[in-house]
Amino acid sequence: MEPMSADQLTAEVVERLEGTTNPRLRVVMQSLVRHLHAFAVEVALTDEEWMQGIQFLTATGQKCDDVRQEFILLSDTLGLSSLVDLINHAGDEPGATEPTILGPFYVPNSPERSFGASMVEFDDGGEQTIVRGIVTDVDGQPIADAVLDVWQNSANGFYAVQQPDVQPATNLRGIYRTQADGSYEFRTVRPQPYSIPDDGPVGQLLKATGRHPFRAAHLHVKVSAPGFIGTTTHVFDAESDYLDSDTVFGVKGSLIRSFTPDLDGQLVCAMDFALRSDG
C-alpha cells in the first residue's frame, strides 16, 4: 500500500467535512482546510514551528479579557480586519464615506452630549479642538437627527478604557446628533499617535518581524440614521506620523483631514460624512 501523500490527506479532511449541514459553514471550513494545508506544505512547516504556532495562539487567547481582545489585535496587525472591511464594502455606492475597522477600544453606551458640547472630562494638556461638519446622503442632501458615536484617545496616547484608574470612563467619548441642516459639532482634543498594546504575543510578533506598533493619530466615528446604512470610520490628522505605516493598515486617503487654526486661533477639523440609503 502506497504511503499517504499530503494531497491525499487534504482531500480526506475536506471530504469528511462534506456532511456539514450548514452550507456556508461547509464552504468556509473546506476552504480553510485547503488553504491551511497548502500553507503548511508551501513553507515545509516543521514540528517545532507547528508547536510554536500553537503556543502563540494559546498565549494570544490567555491575553484576552473583558477590556482587551488580543485576537482582534492580531487580526488588525495582519491586515485581516481591513481586508474583511474591503471585501464587504469596496463596492459601496460612490460618494459614501469610506469605512474602516472598529478597533479594540470601542465601548457602547457613551453619554449623549448636546450640539457643540465638549467630551473632554480629563485635562492632560491636550490641544483643544472643534470638530464639525455635515451628515448627508450620497447626493448631498442633509440628514437631520443622524447619530454620531465618537471616541478617541487622550493627549497621553491612551483611551479611557485603558486607564480606568486615571481617566473618567466616559472621557473623550460621546454621542452627538445632527441638527435640521445635517450639521454636527463637538469639542475635543487633538488625537495623538499611539502604540497599540505591545506587551503581549502580538507585540512580540511585531518586533520579530521588524515592525513598529504605532497607529496614526485619529478619532473614531460610528455614523447612523434611520433609513440609511450606518458606517464605522476614522478621521485622520493630516500632520500625524505613521500615516504611511499605520500598524493596522487602517488609513484611507479620503479620511485624512487638516486640523487648522481659525481666525481666533481655535483649532478646527472639518469632516463631512455621507451615508447610503438602505432602500
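What the table below lists for this structure:
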{"quantity": "Charge-dipole axis of the chain as Lys and Arg at +1 and Asp and Glu at -1 on Cβ define it, positive-most pick from Met4, Cys64, Trp151", "calculated": "Trp151"}
{"quantity": "Cα long-axis angle, helix 6-16 against the chain (0 to 90 degrees, to the nearest 10)", "calculated": "70"}
{"quantity": "Residue among Pro99, Pro191, Pro164 with the largest mean-square fluctuation in a Gaussian network model of the chain, springs linking Cα atoms under 10 Å", "calculated": "Pro164"}
{"quantity": "Gaussian network model of the chain, Cα within-10 Å springs - most flexible of His37, His220, His234", "calculated": "His37"}
{"quantity": "Cα centroid separation, the range 159-224 to the range 53-89 (Å)", "calculated": "17"}
{"quantity": "Principal axis dimensions, largest first and in whole angstrom, of the range 1-45 by Cα", "calculated": "32, 28, 9"}
{"quantity": "Compactness of the chain as Cα Rg over 2.2 N^0.38 Å, two decimals", "calculated": "1.19"}
{"quantity": "Calculated diffusion of the range 105-147, Stokes-Einstein form, Kirkwood radius summed over Cα pairs, 4 °C and 1.567 mPa s, µm²/s", "calculated": "96"}
{"quantity": "Helix-derived mean residue ellipticity, 222 nm - over the chain, DSSP H n ≥ 4, -39500 (n - 2.57), to 500", "calculated": "-8500 deg cm²/dmol"}
{"quantity": "Helix 47-62 vs. the chain, principal-axis angle (Cα, 0 to 90°, nearest 10)", "calculated": "30"}
{"quantity": "Reachable lysines from Lys63, criterion Cα separation under 18 angstrom, eight or more residues apart if same chain", "calculated": "Lys207"}
{"quantity": "Relative contact order (percent, whole number), the chain, Cα cutoff 8 Å, 6+ residue spacing", "calculated": "20"}
{"quantity": "Dipole magnitude of the range 111-266, debye to nearest 20 (Cβ charges: Lys/Arg +1, Asp/Glu -1, about Cα centre)", "calculated": "340"}
{"quantity": "Neighbour net charge for Val268 - beta-carbon separation under 12 angstrom, K R +1, D E -1", "calculated": "0"}
{"quantity": "Set of lysines with alpha-carbon distance to Lys222 below 26 Å, sequence-local pairs under 8 removed", "calculated": "Lys252"}
{"quantity": "Assigned charges on the beta-carbon of Lys, Arg, Asp, Glu; the chain dipole about Cα centre (debye)", "calculated": "300"}
{"quantity": "GNM top mover of Pro168, Pro94, Pro23 - the chain, alpha-carbon springs below 10 Å", "calculated": "Pro23"}
{"quantity": "Antiparallel DSSP beta bridges within the chain, as percent of all bridges there, nearest 5", "calculated": "75"}
{"quantity": "Rg [Å, one decimal], Dmax [Å, integer] - the range 66-207, C-alpha atoms", "calculated": "16.9, 50"}
{"quantity": "Scattering profile of the range 132-176 at q = 0.20, 0.30 Å⁻¹ [log10 I(q)/I(0), Debye over alpha-carbon scatterers]", "calculated": "-0.68, -1.05"}
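Laboratory data are not the source of any read-out in this text; all were calculated from the coordinates shown. Not measured: the values here are computed from a predicted model. Every residue, glycine among them, receives a Cβ derived from its backbone with ideal geometry; neighbour counts consider all protein chains shown.
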